[in-house]
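See structure below.
The values are calculated or read from the model by the stated rules, or taken from the named source; none is laboratory data. Just so it is clear, the model here is predicted, and its values are computed rather than measured. Because the Cβ atoms are built from the backbone with ideal geometry, glycine has one as well, and the counts that use them run over all protein chains shown. Quick note on the areas: whole protein, heavy atoms, side chains included, nothing else; ligands and nucleic acids left out. Shrake-Rupley method; radii C 1.70, N 1.55, O 1.52, S 1.80 Å.
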Amino acid sequence: KLYEDRGFTHVKQLYNGIVLPKEYKKVPENHSILYVGRLAPEKGAQYAVRAMPYVIKQIPDAKLTIVGDGPHLNYLNVLSDTLGMSDHITFTGKVPNTKTGEYYDNAQVVVVPSTYPDNLPTVCIEAMLHGRPVVVSDIGGLPEMVENGYNGYTVPPGDEKKLAEKII
């Protein structure tokens, strides 16, 4: 009705497809870091991979799980091997949206190291719905979603050292 009153006739509202968790699970003490998203340069997964050697120096049993697929997958695998992080980084490939909740529940922290100014990234919303802190790039809508020290931290885009510092 609102749209018709303004002269628009063929408008359909699409709701965000975020599935709320049935129950909230306590943050585990497993030193697990999670990246969820498309594997493309602008999404910044390479910075999460490059941050891992710094994280491992402080937290030797830390693990990064990368959930997603995309044109950058082979590059990220090679980068992980080159940095000697193969034992600390797992690539799951594409996971159905109905299964991502399990990954959030098993993570201690979620990273969103994008270099592209997304307005309202779903991964950030989903992480917060699961009660997980997020470490995000200070770009686009991300700094509006994250209050430093409260529900996560912001870091300069492309700065793997700062990303590692806030993950730690």
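Miscellaneous remarks
- J(HN,Hα) series, region 138-149, from Karplus relation 6.51 cos²θ - 1.76 cosθ + 1.60, nearest Hz, glycine and proline x: 7, 8, x, x, 4, x, 6, 8, 10, 9, 3, x
- Amide H contacts for Val135 (H built 1.01 Å from N in the peptide plane; partners 5 or more residues away or on another chain; cut-off under 5 Å): Val110, Val111, Val112, Tyr153.
- Dividing the summed helix terms, -39500 (n - 2.57) for each DSSP H run of n ≥ 4, by the number of residues in the chain produces a 222 nm estimate of -8000 deg cm²/dmol to the nearest 500.
- On Cα atoms only, tilt of 73-82 relative to the major axis of the chain in degrees: 20
- Accessible surface for region 60-121, divided over its residues, is 53 Å² per residue with a 1.4 Å probe.
- Principal-axis analysis of the Cα atoms of the chain puts helix 45-58 at an angle of about 40° to the longest axis.
- Residue-span extension gain [Asn97 to Asp138] - 0.36 nm each, minus C-alpha spacing: 12.2 nm
- Per-atom-type breakdown for the chain gives carbon and sulfur 51% of the accessible area (1.4 Å probe, protein chains only).
- Dipole size of region 10-168 about its Cα centre, with +1 on Lys/Arg Cβ and -1 on Asp/Glu Cβ: approximately 220 debye, rounded to the nearest 20.
- Anchor Lys22: aspartates and glutamates whose Cα lies under 14 Å away (excluding residues fewer than 8 positions away in-chain): Glu102, Asp105, Glu126
- Cα pair distances exceeding 18 angstrom across region 30-163, given as percent: 49
- Cα gyration tensor shape for region 119-168, rounded if a/c is under 1.5, else prolate or oblate: oblate
- Hits among lysines - C-alpha to C-alpha of Lys63 under 24 Å, sequence gap 8 or more where chains match: Lys25, Lys26, Lys43, Lys94, Lys99, Lys161, Lys162, Lys166
- Förster radius 35 Å - calculated FRET efficiency between Asp81 and Tyr116 (Cβ-Cβ, nearest 0.05): 0.85
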